[in-house]
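All remarks here apply to the structure that follows.
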Amino acid sequence: MRHLSWTALAAATVVLSACGTSKPKPAELGPNVALIAVGQAWSSNVGPVQFPLQVHVVGDQLWLASSAGDVVSLDGASGRELGRVSLKAGLVAGVGSDGKRAAVVTEAAQLVVVEGGKEIWRRKLGAQTYTAPLVAGGRVFVLGGDRSVRAYDGASGQLLWDQESRQQDPLVLRQSGLLMPVGNTLLVGQGGRMTAMDPGDGHLLWEAPVATPRGANDVEKLADLIAPVARDGTDLCVRAFQASVGCVDAATGQIGWTKSANGATGVAMDEDFVFGAEADGVVQAWSRKGGENRWSSSRLRYRQLSAPLVLGRSVVFGDNTGLVHMLSRADGSPLNRLSTDGSPIVAAPVRVAGRLVVVTQKGGVFAFQPQ
């Protein structure tokens, strides 16, 4: 299978649309007017990050990893390092954790699980994966780049079950996909379908088609469901890569709505809106109930935005210059702008211990505290 980076795709799309002209210039930001007081609480460093990192929060702990293979846990309140395991192997996916064990995937397609400050087992996978493993219920679940799903015993590494995907695509998206638990159900993104599985044996419970692959070539047909996913109880809203945004009832598999959208990062939601950024950096807010577009903002156009985080009265995005943008959830107007180390924000911002935390490509971990 061929591998495709969404950033490479976005760059190619820009070049083609511009008919050979230079890359579009990002919108001017203007002076920062801080309508929300925010101060830096702490900073740390995990090492350079060149893979689709998923920052995992368990209670007041953060789990992160570097491309070089350092798996790190930090105290969310103080930034104090709680543990670091050096696997001495390049990583392509991570981190999944239940607070006790953590799991990552290496460039050699090996699933590695650590516990108590050391590696406890590793297993060769049948396919490379770019989605952080899910560690839950004493098991470790892996979504392969070929859309297969495997379950392992968390303590021993024994393979418990293996379900191949019925969808055979020639391209693999090098980006984090949907893999999460909702109640006693394992939810998986397989192409443009949200699939519900029994975590005990992997048998299919239901499927919900969020997007239908279409297009004249393999790139245009890609429509994988991508992380992070917005969740409120059993109400899940998700983006299908370059195809659509939609919401699904995870208890029944019933689709609430889907709308065409051309984006490559995940979404977030509050009680009224679903938020996301399109491939060109235009920020969108869709109605949570019916999917109608409620507002859009071009203030951050062409800034290669991260997936968002809803925080207080703001929705937060990171960009490719290391800036963190806090926008009003009500209308997208700017509320504050925060600086890091000048390198791209590589993962969706997270909230932990009352802090806003972002991670940069240089490995910087920055925590901000709303005043």
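The values are calculated or read from the model by the stated rules, or taken from the named source; none is laboratory data. From a predicted model like this one, the values you see are computed outputs, not experimental measurements. Cβ: placed from backbone, ideal geometry, glycine included. Neighbour counts: every protein chain shown. When the accessible area is computed, the model is the full protein with side chains, heavy atoms only, and any ligands, DNA or RNA have been set aside. Shrake-Rupley method; radii C 1.70, N 1.55, O 1.52, S 1.80 Å.
Residues of segment 123-141 being open to solvent by 20 Å² or more (accessible area, probe 1.4 Å) and among the polar types (S, T, N, Q), which ones?
Q128
Name, by its number, the condition in (1) touching a residue at least 24 places away in the same chain (Cβ under 8 Å); (2) touching a Phe, Trp or Tyr at 6+ places or on another chain (Cβ under 9 Å) that does not hold for D98.
Of the numbered conditions (1) touching a residue at least 24 places away in the same chain (Cβ under 8 Å); (2) touching a Phe, Trp or Tyr at 6+ places or on another chain (Cβ under 9 Å), the odd one out for D98 is (2).
Give just the number: which of (1) touching a helix residue (DSSP H, G or I) at 6+ places or on another chain (Cβ under 9 Å); (2) on the phi < 0 side of the Ramachandran plot does Q242 not satisfy?
Of (1) touching a helix residue (DSSP H, G or I) at 6+ places or on another chain (Cβ under 9 Å); (2) on the phi < 0 side of the Ramachandran plot, only one is false for Q242: (2).
Would you point out the residue of segment 45-62, among those that are open to solvent by 30 Å² or more (accessible area, probe 1.4 Å) and part of a strand (DSSP E or B), that is farthest from A353 (Cα to Cα)?
Residue satisfying both the conditions and the ranking: N45.
Could you name every one of the strands (runs of 3 or more DSSP E) located completely within segment 330-371 that has at least 1 residues being modelled with pLDDT under 95?
Ranges flagged: 364-370.
Does any residue in segment 39-62 that is in contact (Cβ under 8 Å) with a residue 40 or more places away in the chain come within less than 6 Å, Cβ to Cβ, of a residue that is among the aromatic types (F, W, Y) six or more places away or on a different chain, and which pairs are these?
Q40/F368; S43/F366; P52/Y130; H56/W63
Would you point out the residue of segment 204-254, among those that are among the basic types (K, R) and over 15 Å from the mean Cα position of the chain (by Cα), that is farthest from A264 (Cα to Cα)?
Per the criteria, the residue is R214.
Output the residues belonging to segment 347-362 that are open to solvent by less than 40 Å² (accessible area, probe 1.4 Å) and either among the polar types (S, T, N, Q) or under 17 Å from the mean Cα position of the chain (by Cα) (or both).
Across segment 347-362, the qualifying residues are A347, A348, P349, V350, V352, L356, V357, V358, V359, T360.
Take segment 285-329 and flag every residue that is basic (K, R), in contact with a Phe, Trp or Tyr (Cβ under 7 Å, 6 or more places away or on another chain) and either within 17 Å of R239 (Cα to Cα) or not in a loop (DSSP other than H, G, I, E, B) (or both).
Residues satisfying the conditions are R288, R294.
Counting only residues that are open to solvent by 20 Å² or more (accessible area, probe 1.4 Å) and out of contact with any His (no Cβ under 6 Å at 6 or more places or on another chain), give me the strands (runs of 3 or more DSSP E) lying completely in segment 142-259 with at least 2 of them.
Per the criteria, 149-153, 159-163, 179-182, 204-209, 225-232.
Could you tell me which residue of segment 118-144 is farthest from L62 (Cα to Cα), considering only residues that are small (G, A, S) and in contact with a Lys or Arg (Cβ under 8 Å, 6 or more places away or on another chain)?
Checking each candidate, the answer is G126.
Counting only residues that are under 17 Å from R174 (Cα atoms) and crowded, with 19+ Cβ neighbours inside 10 Å, how many does segment 97-111 have?
The qualifying residues number 4.
Taking the conditions exactly as written (farther than 17 Å from P370 by Cβ, among the charged types (D, E, K, R) and surrounded by fewer than 21 Cβ atoms within 10 Å (Cβ to Cβ)), does D331 satisfy them or not?
Yes, satisfied.
Could you list, ordered by first residue, the pairs with Cβ atoms under 7 Å in which the first is in segment 311-334 and under 16 Å from Q284 (Cβ atoms) and the second is open to solvent by less than 10 Å² (accessible area, probe 1.4 Å) and acidic (D, E), at least 6 apart or interchain?
H325/D319
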